[in-house]
Structures are given as structure tokens and as C-alpha cells.
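Q: Mind having a look at this structure? Questions to follow.
The values are calculated or read from the model by the stated rules, or taken from the named source; none is laboratory data. Values in this document were obtained by computation on a predicted structure and should not be read as measured data. Because the Cβ atoms are built from the backbone with ideal geometry, glycine has one as well, and the counts that use them run over all protein chains shown.
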Amino acid sequence: MRVRRRSDYRVVKWKNGLGETAEIAIHPANADLTNFEWRVSMASVAAGGPFSEFPAIDRHLAILSGDGIALTLGDQAPIKLTQATPPLAFPGDVPASAELLGRPVTDLNAMARRGLGYTPSMTRLDLAGEATIDKSTRFLMIHCATGATDALGAGDTLILDENEKSPAILRGTAGLYVITF
């Protein structure tokens, strides 16, 4: 079990070059945007525009701060995403674009390459007290979006790798995102 502090995240350019993202974790550790198996990052979005396309990748997106976005996937009607809506799963190879609903946003993005045996998911957990989060997949990450726990401050992420079997036990008052691969 390890904790990645927000100050330790690596800042990288978006694949389409239109912004930057704070890379929380990538697997394998030496991977880049062309050959990762899975990746978790936070992006600051200051203006609307196209999303980077990721062929053969499944994505999950949540809004951490700001007023939200209207996300258009292919020729579908825009989907409104805010801090109050659950994370959205969508294929990374479908053309996507977003328009801000007001103030700039920070989003949380989890991506996994199809066909490698990962079953990605992202859910929000509002912690008030104690929670035990079982590890039933190869990788488990818990990102603290707001508040704090005994192990995490806002912006920090707890990571349990594939060899770890123990559950994560957290205490505090926080808005958490549980990401599994």
C-alpha cells in the first residue's frame, strides 16, 4: 500500500497538446500515452474543446471541482457532468468534446486498455466515519477529492497494487473516488 501525494504527481501534456494533466499513476510504471495498460490522472480544463482520442481504451470521468461540463460523445446529445453526477464511463475511441458550464473544472480520469483483463470502474464514496474498502480486483486506488482521512489529504491517492490482498480501512470525512482495475 502506498500513498501518492498531490505534490508528487507528474505533469504531462494532453495527448492532443491542448492542455496538461497531473498523472496520478500509470501501469506499467515506464509506460507513456501510447502503451499504458491503465492510467489515472487529473486535468484542469480552462476552456471547451476536443478530448484526446484513445483507441482501444475505456475511460471513466468525474468532475472534482468547478461548474461542470457538457460532454458530447460522437453524435449523441451532450451529457451534463458536475460534481453531483456520478462518474461517466465511455469509450476513448469515440470522438468527444466538452463545453464548460461556467467556471473551469478539474476532472478525474481513469483509463484502461481493452483486452488485457482489466475491468475498470470508478465510484464516488462520501465518507463520514470509517469505511472498509475490499480489494477484489488487481489494482485499487482511492482518490481523496475533498476533506481528509487518516491517510489522505485532499488531492492524495492511496494505491494497492496487484500483490496486496488486504482491504483499505479509512477514517475521516471526505469525498472519495474508488477506482479499480
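Q: Only residues that are among the hydroxyl-bearing types (Ser, Thr, Tyr), over 22 Å from Thr146 (Cβ atoms) and in contact with a Ser or Thr (Cβ under 6 Å, 6 or more places away or on another chain): list them for segment 33-79, please.
A: As a first pass, look at segment 33-79 and keep what is among the hydroxyl-bearing types (Ser, Thr, Tyr): 34, 41, 44, 52, 65, 72.
Within this subset, residues satisfying the condition of being over 22 Å from Thr146 (Cβ atoms) are 34, 52, 72.
The one that is among the hydroxyl-bearing types (Ser, Thr, Tyr), over 22 Å from Thr146 (Cβ atoms) and in contact with a Ser or Thr (Cβ under 6 Å, 6 or more places away or on another chain): Thr72.
Q: Here is a follow-up. Going through segment 59-70 one residue at a time, which ones are in a strand (DSSP E or B), surrounded by 20 or more Cβ atoms within 10 Å (Cβ to Cβ) and of a type outside the set (Lys, Arg)?
A: Here is the first cut: in segment 59-70, the ones in a strand (DSSP E or B) are 59-65, 69-70.
From what's left, surrounded by 20 or more Cβ atoms within 10 Å (Cβ to Cβ): 59-63, 69.
Answer for segment 59-70, where residues must be in a strand (DSSP E or B), surrounded by 20 or more Cβ atoms within 10 Å (Cβ to Cβ) and of a type outside the set (Lys, Arg): His60, Leu61, Ala62, Ile63, Ile69.
Q: Only one residue in Pro78, Pro104 is surrounded by fewer than 20 Cβ atoms within 10 Å (Cβ to Cβ), of a type outside the set (Gly, Ala, Ser) and touching a residue at least 40 places away in the same chain (Cβ under 8 Å), so which one is that? Don't jump to the end; show me each part of the working.
A: Working: Pro78 fails: touching a residue at least 40 places away in the same chain (Cβ under 8 Å).
Criteria check complete, one pass: Pro104.
Q: Output the residues belonging to segment 119-132 that are touching a residue at least 60 places away in the same chain (Cβ under 8 Å) and crowded, with 19+ Cβ neighbours inside 10 Å. Full working, then the answer.
A: Step one: list which residues in segment 119-132 are touching a residue at least 60 places away in the same chain (Cβ under 8 Å), which gives 119-122, 124.
Residues satisfying the conditions are Pro120, Met122.
Q: Going by the structure shown, is Tyr177 within 22 Å of Gly92 (Cα to Cα), in a strand (DSSP E or B), of a type in the set (Ser, Thr, Tyr) and under 17 Å from the mean Cα position of the chain (by Cα)?
A: On the way: within 22 Å of Gly92 (Cα to Cα): yes; in a strand (DSSP E or B): yes; of a type in the set (Ser, Thr, Tyr): yes; under 17 Å from the mean Cα position of the chain (by Cα): yes.
So Tyr177 fits the description; yes.
Q: Is it the case, given these coordinates, that Asp93 is surrounded by fewer than 18 Cβ atoms within 10 Å (Cβ to Cβ), in a strand (DSSP E or B) and among the charged types (D, E, K, R)?
A: Details: surrounded by fewer than 18 Cβ atoms within 10 Å (Cβ to Cβ): yes; in a strand (DSSP E or B): no; among the charged types (D, E, K, R): yes.
So Asp93 fails the test.
Q: Answer yes or no: is there a residue in segment 142-155 that is farther than 28 Å from Asp67 by Cβ and assigned to a loop (DSSP other than H, G, I, E, B).
A: At the first step, the residues of segment 142-155 found to be farther than 28 Å from Asp67 by Cβ are 150-151.
Now drop any that are not assigned to a loop (DSSP other than H, G, I, E, B), which leaves 150-151.
Checking segment 142-155: at least one residue is farther than 28 Å from Asp67 by Cβ and assigned to a loop (DSSP other than H, G, I, E, B).
Q: Also, I was wondering about something else. Taking the conditions exactly as written (in the same structural domain as Ile159 (by TED's automatic domain parsing) and either over 14 Å from the mean Cα position of the chain (by Cα) or not in a strand (DSSP E or B) (or both)), does Ala131 satisfy them or not? If you could, list the steps in order and put the result at the bottom.
A: On the way: in the same structural domain as Ile159 (by TED's automatic domain parsing): yes; either over 14 Å from the mean Cα position of the chain (by Cα) or not in a strand (DSSP E or B) (or both): yes.
Considered against the rule, which asks whether it is in the same structural domain as Ile159 (by TED's automatic domain parsing) and either over 14 Å from the mean Cα position of the chain (by Cα) or not in a strand (DSSP E or B) (or both), Ala131 comes out as yes.
Q: Quickly run through segment 6-58 and pick out the residues that are part of a loop (DSSP other than H, G, I, E, B), free of Cβ contacts under 8 Å to residues at least 12 places away in the same chain and over 19 Å from Arg113 (Cα atoms).
A: Taking segment 6-58 first, the residues part of a loop (DSSP other than H, G, I, E, B) are 9, 14-19, 28-37, 46-48, 51-56.
Cutting the leftovers down to free of Cβ contacts under 8 Å to residues at least 12 places away in the same chain gives us 17, 28-32, 34-35.
Listed by number, the list holds a single entry, Gly17.
Q: Could I ask something else about it? Has segment 78-85 got any residue that is within 22 Å of Phe181 (Cα to Cα) and outside any strand (DSSP E or B)? Walk me through it before giving the result.
A: Filtering segment 78-85 for residues within 22 Å of Phe181 (Cα to Cα) gives 85.
Filter once more, keeping what is outside any strand (DSSP E or B): 85.
Checking segment 78-85: at least one residue is within 22 Å of Phe181 (Cα to Cα) and outside any strand (DSSP E or B).
Q: Mind telling me which of the residues Asp58, Asp67, Asp75 ends up being at pLDDT 95 or above, acidic (Asp, Glu) and closer than 25 Å to Ala174 by Cα? Explain how you work it out, then say what you get.
A: Working: Asp58 fails: closer than 25 Å to Ala174 by Cα; Asp75 fails: closer than 25 Å to Ala174 by Cα.
Answer to the selection: Asp67.
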